[in-house]
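Bear in mind these aren't lab numbers, they're just calculated from the coordinates by the rules spelled out. Given the structure is predicted, the values throughout are model-derived calculations rather than measurements.
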Amino acid sequence: MRLVFSLTKRERKGKAMEKGMIKIGWIALALIELAFLTLPFRAAILPPALKVIKSLVGDWVELSPQGKVGSNIVSSYALTSGGTAIREVIFPGSDHEMITMYSLEGDDVLLTHFCILGNTPKYRAKLQGDNRLVYECLGGANISSENDKHMHRGSVKIVDPDHLQTEWLQFENGKETYKVSLNLVRKK
């Protein structure tokens with residue numbers, strides 16, 4: 001005698017849904033794998049300005065005019081978001097700590113600076129030559145005009161892989177009011 005079991009309509013529908021979910025799972029897994037496989041390719045086609053900023057990853061301390069290396073970290077760069085953005089912490093752990101985020105918008109590198117002045121200027125980075133980045137202010141949060149106090153322009157010159165020079169110009173009432181220049185050395 002042969003026993004035949006048949007599935008109810010509800011059971012057949014459940015099995016079909018289960019097979020569909022398994023297919024969706026495999027497709028999702030394949031897409032995730034494809035995304036990870038293309039990361040090296042995407043990194044190879046990054047704009048030159050972002051490649052230069054990525055080379056700064058690490059901790060930087062001030063170098064005095066007398067050539068003495070300081071002990072306090074002035075700036076710390078780190079990759080984030082799968083290597084598509086860079087986070088800079090300026091004066092980490094101090095009362096003057098600030099954050100700058102570097103990210104891509106098309107082929108442009110944009111910076112968003114969370115300033116101690118209580119504003120959030122945005123900048124576009126332009127590479128001049130092979131070793132100098134220039135940042136021009138595009139406006140930002142809590143900056144209603146160029147008359148408001150804000151860091152308006154900046155630059156980073158990479159002297160060599162372990163030395164850089166930074167310069168930032170503060171504007172108020174449409175004029176330069178303050179200049180910050182630092183010589184930094186990579187902390188070993």
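Output the pairs from Lys68/Lys122; Lys157/Lys188; Lys122/Lys157; Lys126/Lys149; Lys51/Lys149 with a Cα-Cα distance over 26 Å in this structure; if there are none, say none.
In this structure, Lys68/Lys122; Lys51/Lys149 lie more than 26 Å apart at Cα.
Show which aspartates and glutamates lie in cross-link reach of Lys175 when reach means a straight Cα distance below 15 angstrom and same-chain residues fewer than eight apart are skipped.
Excluding near neighbours in sequence, the set is Glu136, Glu146, Asp148.
State, to one decimal in nm², a quarter of the convex hull surface area for the C-alpha atoms of region 48-186, i.e. the direction-averaged projected area.
8.5
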